[in-house]
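The values are calculated or read from the model by the stated rules, or taken from the named source; none is laboratory data. Owing to the predicted nature of the structure, the values given are computational and were not obtained by experimental measurement. We place every Cβ from the backbone using ideal geometry, glycine too, and count neighbours over all the protein chains shown. To get the accessible areas, we keep the full protein, side chains included, count just its heavy atoms, and leave off ligands, DNA and RNA. Shrake-Rupley method; radii C 1.70, N 1.55, O 1.52, S 1.80 Å.
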Amino acid sequence: MQLAFNEYTKKHLDFLLKSRVIVAVSGGVDSVVLAHLCHQLNIDIALAHCNFNLRGKESDADEDFVIELADQLNVEVFVQNFDTNAYAEKNKTSIQMAARELRYDWFYDLAEQLKFDYIFTAHHADDNLETFLINFTRGTGLKGLKGIPVVNGNVVRPFLSFSRDSIEAFARENKIKWREDSSNSSRKYLRNKLRHEVVPVLKEINPQLLESFQVTLENLNDTADIVEESLNAVAKRAIVDINEDYIAYKISEFKKVNNSKAYLFEMFKDYGFTEWNDVVGLLDAETGKYVSSNTHRLTKHREFLILTGADQANNDTKLLNVSEVDTSRETPIGLLSFEDIQSSQDNTQSIICIDKSKLSFPLIIRPWRKGDVFYPLGMKGKKKVSKYLKDEKLTPLQKQNTWVIETEDKIVWLIGMRADDRFKITDTSSDFFKIELH
């Protein structure tokens, strides 16, 4: 196996031979063998071990074992202790997910702080099959069936072409010691249940299961490349505007393809959406309809779909008060300044000059609400703010970011758009007041 590992690394991962590498070592056979093979290949390595404090003395014995292994190989070792149960409870996640998050966050920090180029984990071919089956049983798209990537950023998994049996055989032949994790025999975890009850049956049906699975993965990854190319072509045509606040997609481009749902899924799957029939329904929905996830909102606006973050889709509805002595106020849409002036000035989108005697302090600054009405300056009569915004053809995001200034439940200014006619300066006005949006 040493020869096979050397040849594989030199052929596919030759950039590692001159890199500084952290090898994640739990004490189990996979990671211990990986450390030995890297050491024999003269890769510049250090070991990193996580003590999750989940198995009492057994966890502590694993830590001691890894420290001894580092001493045996004459390499540096880093150890981190975690209160995994507390982290899982605080973040409302499973123990397995908590351990994963803690582990990788620490590895990334360690690599960045100490200038390591890569992080090695000992995932092998059987792990890849188990991950495939987990994703398959839970329901997934093509991405979930592509398997674990060999290189993902600075995380490298050089064992993915080797089986668990071959790794254990190498350890026994070379009298390499390792630690057995008692939790690996538990059937309460889905991965262990698949490992002990499902995979053996599949291997009995097909003794060459891992080889066949590898071919399947190669075919799926080839197909994924084709899908990615097609998806990029549609995205290039569909995206008409992109900035830090939103992405706008032309609906007609989704309607041109044979399977709109498939393209919508691939385009928006990473934004947390789950109700895909509702997403498809947006293509023919009325303007203003939307679908939300925990992190994003997708809104129908005329001939576009507008993708925004959930934090942008939900305005802070806190009321901001402005007293008569205030000269400025910071708001979510910019800085507002307030100034008494000696003579009238022309109104612009960002400046209004009004009759101060018609105001009652404190003024209120807030997001517009459904049911708001005002008397647009230069127009006859009152108008619903919602109708005004619609007539102005504002995008959903622009509507969500629209704020007003009011006095005694009367809108003074649709900020940055239009003042209310009731507060305009007339020939009898003598108390002039300027409000400016910076």
Among 34, 73, 69, the single one that is free of Cβ contacts under 8 Å to residues at least 40 places away in the same chain, in contact with a strand residue (DSSP E or B) (Cβ under 9 Å, 6 or more places away or on another chain) and open to solvent by less than 40 Å² (accessible area, probe 1.4 Å) is 73
Per the filter on the stretch 91-127, residues of a type in the set (Gly, Ala, Ser), surrounded by fewer than 19 Cβ atoms within 10 Å (Cβ to Cβ) and assigned to a helix (DSSP H, G or I) are 99
Counting only residues in the stretch 229-269 that are farther than 18 Å from residue 397 by Cβ and not in a helix (DSSP H, G or I), the one least open to solvent (accessible area, probe 1.4 Å) is identified as 257
Just one listed residue, out of 361, 432, is open to solvent by 50 Å² or more (accessible area, probe 1.4 Å), closer than 16 Å to residue 337 by Cβ, touching a residue at least 40 places away in the same chain (Cβ under 8 Å) and of a type outside the set (S, T, N, Q), and it is 361
Pairs returned, first residue in the stretch 380-400 that is within 17 Å of residue 300 (Cα to Cα), second residue that is open to solvent by less than 90 Å² (accessible area, probe 1.4 Å) and of a type in the set (Lys, Arg), beta-carbon separation under 7 angstrom, 6 or more apart or interchain, are 389/399
>> Among the residues of the stretch 300-309, are any open to solvent by 50 Å² or more (accessible area, probe 1.4 Å), outside any helix (DSSP H, G or I), out of contact with any Phe, Trp or Tyr (no Cβ under 8 Å at 6 or more places or on another chain) and small (Gly, Ala, Ser)?
In response: no
Of the residues in the stretch 270-291, those that are farther than 20 Å from residue 140 by Cα and not hydrophobic (A, V, I, L, M, F, W, C) number 7
Restricting the stretch 154-207 to residues that are modelled with pLDDT under 90 and small (Gly, Ala, Ser), the one surrounded by the most Cβ atoms within 10 Å (Cβ to Cβ) turns out to be 183
- Message: Quick check on residue 377: is it aliphatic (A, V, I, L, M) and open to solvent by less than 40 Å² (accessible area, probe 1.4 Å)?
- Response: no
Of the candidates 78, 5, the one satisfying the condition of being outside any helix (DSSP H, G or I) and aromatic (Phe, Trp, Tyr) is 78
_Among the residues in the stretch 214-227, are any in contact (Cβ under 8 Å) with a residue 60 or more places away in the chain, farther than 30 Å from residue 290 by Cβ, β-branched (Val, Ile, Thr) and out of contact with any Lys or Arg (no Cβ under 8 Å at 6 or more places or on another chain)?_
yes
Conditions (1) of a type in the set (Ser, Thr, Tyr); (2) open to solvent by less than 60 Å² (accessible area, probe 1.4 Å); (3) closer than 24 Å to residue 65 by Cα -> residue 212 fails only (3)
### Query
Out of all the residues in the stretch 380-402, is one or more under 23 Å from residue 324 (Cβ atoms) and open to solvent by less than 30 Å² (accessible area, probe 1.4 Å)?
no
Counting only residues in the stretch 128-145 that are among the charged types (D, E, K, R) and at pLDDT below 90, the one surrounded by the fewest Cβ atoms within 10 Å (Cβ to Cβ) is identified as 138
Flagged pairs (Cβ under 7 angstrom, 6 or more apart or on separate chains; first in the stretch 190-207, over 18 Å from residue 135 (Cβ atoms); second open to solvent by less than 60 Å² (accessible area, probe 1.4 Å)) are 203/209; 206/212
